[in-house]
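For reference, the structure discussed in these notes is given below.
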Amino acid sequence: MAKTVYIKTALTGGASGALDSIDGSGLLNNDVVLVILDESVYYYTLATSGLSENSPEIIVPDTNPGTNCWILKTPKLGTKRATAVGSTATIDYFSDILGNGCIWHYSAFASSTATVRAGTITAAWDAGSDVVTYKESSTQDVSGDTSSLVFTVDINSDNVRLKSTCSVGTWEIKVIRNML
């Protein structure tokens with residue numbers, strides 16, 4: 001049977017543009033949804049696992065859900081701005097039960113100095129013990145020094161989080177997440 005591809009503009013809320021507004025009675029396993037939300041695109045497939053909602057990773061239809069749920073898949077594309085000097089921003093997060101490894105591809109740009117860096121952050125974790133390890137690999141700095149921008153990965157409230165801390169300047173950070 002053919003897959004149905006849906007396009008939506010919100011994750012939850014039940015309105016006609018929201019992912020959770022799709023009636024569960026007509027869905028088929030592996031149907032697909034693209035949710036375009038601000039500067040991010042989320043890619044979901046339907047599963048019949050009966051998982052509870054945990055947005056944005058798991059979205060359950062509001063009407064006739066049965067055991068249907070939408071599972072966030074890779075890639076998640078998006079842009080996050082780390083805006084305040086000395087601030088820590090959560091760039092991306094997801095439930096630690098969705099896998100045990102992840103690779104983020106990123107680019108970071110400071111418009112005030114036109115300084116650029118790109119790279120990958122690889123993380124692995126054990127959801128049962130909340131232990132996480134990660135490593136960053138990046139390009140050489142372009143047009144300046146990017147050492148004021150530091151990435152970390154942690155687990156908090158059963159969510160794996162990619163965080164950035166900037167001690168100087170304002171950074172625009174773009175990421176693509178690949179779950180393993």
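What follows is calculated from the coordinates using simple rules that are stated; it is not laboratory data. For clarity, every value in this text was computed on a predicted model and none was experimentally measured. Using ideal geometry, Cβ is built from the backbone for each residue, glycine included, and neighbour counts are taken over all protein chains shown.
Could you give the distance between the Cα centres of the range 20-75 and the range 157-178, to the whole Å? Here the two parts' Cα centres lie 25 Å apart.
Taking the DSSP beta bridges with both ends in the range 5-75, the antiparallel portion is around 75 percent.
The candidate values were (i) 1.16; (ii) 1.14; (iii) 1.03; the one computed from these coordinates for Rg/Rh (Cα atoms, Kirkwood Rh) carries the label (iii). Applied to the range 12-27, the Karplus parametrisation 6.51 cos²θ - 1.76 cosθ + 1.60 on θ = phi - 60° returns per-residue 3J(HN,Hα) values of 9, x, x, 5, 4, x, 8, 4, 6, 7, 6, 4, x, 5, x, 8 Hz, with x for Gly and Pro.
Could you work out how much longer the chain between Ser40 and Thr113 gets when fully extended? Use 0.36 nm per residue separation minus the Cα distance between them, nm to one decimal.
Values: separation 73, 0.36 × 73 = 26.28 nm, distance 2.53 nm.
Extra length available between Ser40 and Thr113 comes to 23.7 nm.
Label sites at Asn29 and Ile7, each approximated as a point 7 angstrom past Cα along Cα to Cβ, lie 2.9 nm apart. Taking amide H atoms as placed 1.01 Å from N in the peptide plane, the amide H of Asn159 lies under 5 Å from those of Asp96, each 5 or more residues away in sequence or on another chain. Beta bridges from DSSP with both residues in the chain: antiparallel share about 95 percent, rounded to the nearest 5.
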